[in-house]
Amino acid sequence: MTERLMMVGAGLSGAVLARQLAEAGHAITVVDARSHVAGNCHTARDPQTGVMVHVYGPHIFHTDDDRVWDYVQRFARFRSYKNQVKTTVAGQVYSLPVNLHTINQFFGRAMRPEEARAFVAARTADIPDPQTFEEQALAFVGPDLYAAFFKGYTEKQWGTSPANLPASILKRLPLRFTYDDNYFFHRHQGIPENGYTAMVAAILDHPGISVRLETVFDPSEAADWNHVFWSGPLDGFFNYRLGRLGYRTLDFETFRATGDWQGCAVMNHPGADVPFTRISEHKHFAPWESHAESVLYREYPRACGPDDIPYYPIRLAQEKSLLADYVALAKEAPNVTFVGRLGTYRYLDMDVTIREALDLAAAFLAARSTGTPAPRFSGAPL
């Protein structure tokens, strides 16, 4: 039986869910408050320079999930892209993630891999079970590398001391005792040739899908649909009645230049004396193109206000307590499933977002075929 399904949000979660359910025969309406699809991975040509700009900051697709990689290639041609991040510390440029070149350059040595491994290990703290970002860093790389490459950047990014942040944030970053400076270690890495927005538009291009942009969905209208998939903020669905979950947001200072301004796509600036965290030069995200001019962003993290775009869920103790209360409310909300980064209040890479949407679509269809309740979340928030 064809159902009328509402998809709130035209980002990756909403688009993939809409496509899967439309291909299964359902009628999908997708609404988004913004004037474009693709959410925070939206890309657009800069009219002055012709550069493809990652409007809400850099997005590099990377995954080990073959199904996800095959899926996105149905809708876009991906060009190979190696993410090679640089960082400026005390007037010198180093490569990230911290690797053998970084270690040798920083300490003025010429160590082989095993020598460097022993050298770093001798400087790390003996903390068997690190609980905070700072403890993890001291046990991971020691005080010198931590102070140079992690401490200041983290304080600016999160607006608090690394001693207040969970160790899990740092555990996502690699430490290499080779000269490999590829930031990611996944088998599949790339960027869609024509940008992410074109890819998402292609996913949404199905006769069973209707897209309405610049449209705000009122949760009070949920009963008008057979089911609603909500990819907006979890607390926003309930009109923030218990308070607001904490996020960090980003401000971008755009500037243009002639030629190649910094020689790489991303240059971190971890120093506490520099107010921004990094500079991205967008034409380097499409090395297959050639542009005489350049578009760059300086990136300034700060606390997210009510009218700001939420980027990074904070997920400290206070937020997790409030999150648990909202999860309890969500479990009582009829015919609604909360999806994606905002709907589940988790930091998600693009490939995980797509995988969860694919899995949720299958679970929803299975639930409908058996008459059982639809999943409440695309992924566990707690």
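The values are calculated or read from the model by the stated rules, or taken from the named source; none is laboratory data. Every value quoted in this text rests on a predicted model; they were computed, and no experiment measured them. With ideal geometry, Cβ positions are generated from the backbone for all residues, glycine too; neighbour counts draw on all protein chains shown.
Taking the criterion of being of a type outside the set (S, T, N, Q), more than 27 Å from HIS282 (Cβ to Cβ) and assigned to a loop (DSSP other than H, G, I, E, B), the residues of region 183-217 that qualify are HIS206, PRO207, GLY208, VAL216, PHE217. One residue is enough: does region 124-134 have a residue meeting the conditions part of a helix (DSSP H, G or I), within 30 Å of TYR247 (Cα to Cα) and within 25 Å of the chain's Cα centre (by Cα)? Yes, the conditions are met somewhere in region 124-134.
Restricting attention to region 227-250 and to residues that are out of contact with any helix residue (DSSP H, G or I) (no Cβ under 7 Å at 6 or more places or on another chain) and surrounded by 13 or more Cβ atoms within 10 Å (Cβ to Cβ), the residue that is farthest from SER161 (Cα to Cα) turns out to be HIS227. When the residues of region 120-157 are filtered to those that are among the β-branched types (Val, Ile, Thr) and buried (at least 20 other Cβ atoms within 10 Å of the Cβ), the one that is farthest from ARG176 (Cα to Cα) is THR154.
Quick check on this structure: which one of LEU342, LEU348 is outside any loop (DSSP other than H, G, I, E, B) and farther than 18 Å from ALA223 by Cα? Outline the logic, then answer.
Numbers: LEU348 fails: outside any loop (DSSP other than H, G, I, E, B).
Only one candidate qualifies: LEU342.
Scanning region 231-252 for residues that are within 21 Å of the chain's Cα centre (by Cα) and aliphatic (A, V, I, L, M), we see that the one that is nearest to ASP218 (Cα to Cα) is LEU234.
Here ALA222 fits the description: over 28 Å from HIS54 (Cα atoms), out of contact with any Gly (no Cβ under 9 Å at 6 or more places or on another chain) and in contact (Cβ under 8 Å) with a residue 60 or more places away in the chain. Filtering region 1-20 to residues that are modelled with pLDDT of 95 or more, more than 17 Å from ALA222 (Cβ to Cβ) and not in a helix (DSSP H, G or I) leaves ALA10, GLY11.
Screening VAL72, VAL89, VAL85, VAL98 for residues that are under 30 Å from ILE209 (Cβ atoms), surrounded by 14 or more Cβ atoms within 10 Å (Cβ to Cβ) and at pLDDT 95 or above leaves exactly one candidate, VAL72.
Would you say ASP359 is crowded, with 16+ Cβ neighbours inside 10 Å and over 18 Å from ALA222 (Cα atoms)? The answer is no for ASP359. So which residues in region 21-46 are crowded, with 21+ Cβ neighbours inside 10 Å and either under 25 Å from the mean Cα position of the chain (by Cα) or in a loop (DSSP other than H, G, I, E, B) (or both), if there are any at all? Within region 21-46, LEU21, HIS26, VAL30, ASP32, VAL37, ALA38, GLY39, CYS41, HIS42, THR43 qualify. The set of residues in region 164-182 being exposed (fewer than 15 other Cβ atoms within 10 Å of the Cβ), assigned to a loop (DSSP other than H, G, I, E, B) and under 16 Å from the mean Cα position of the chain (by Cα) consists of ARG172 alone.
Of all residues in region 105-119, those being outside any helix (DSSP H, G or I) and surrounded by 15 or more Cβ atoms within 10 Å (Cβ to Cβ) number 1.
Would you confirm whether any residue within region 311-329 is farther than 28 Å from PRO47 by Cβ, hydroxyl-bearing (Ser, Thr, Tyr), touching a residue at least 12 places away in the same chain (Cβ under 8 Å) and not in a helix (DSSP H, G or I)? Looking through region 311-329, at least one residue is farther than 28 Å from PRO47 by Cβ, hydroxyl-bearing (Ser, Thr, Tyr), touching a residue at least 12 places away in the same chain (Cβ under 8 Å) and not in a helix (DSSP H, G or I). Suppose the filter is surrounded by 16 or more Cβ atoms within 10 Å (Cβ to Cβ) and closer than 30 Å to GLY190 by Cβ; does LEU322 pass it? No: the conditions fail for LEU322. In this entry, PRO143 is excluded by the filter for residues that are free of Cβ contacts under 8 Å to residues at least 40 places away in the same chain, in a loop (DSSP other than H, G, I, E, B) and out of contact with any Asp or Glu (no Cβ under 9 Å at 6 or more places or on another chain). Looking across region 285-310, just one residue is over 24 Å from ILE169 (Cβ atoms), in contact (Cβ under 8 Å) with a residue 60 or more places away in the chain and hydroxyl-bearing (Ser, Thr, Tyr), and that is SER294.
Take the conditions under 22 Å from LYS156 (Cα atoms) and touching a strand residue (DSSP E or B) at 6+ places or on another chain (Cβ under 7 Å) and apply them to ALA272. Does it pass? No. Here THR49 clears all of (1) in a strand (DSSP E or B); (2) under 19 Å from GLU281 (Cβ atoms) except the condition numbered (1).
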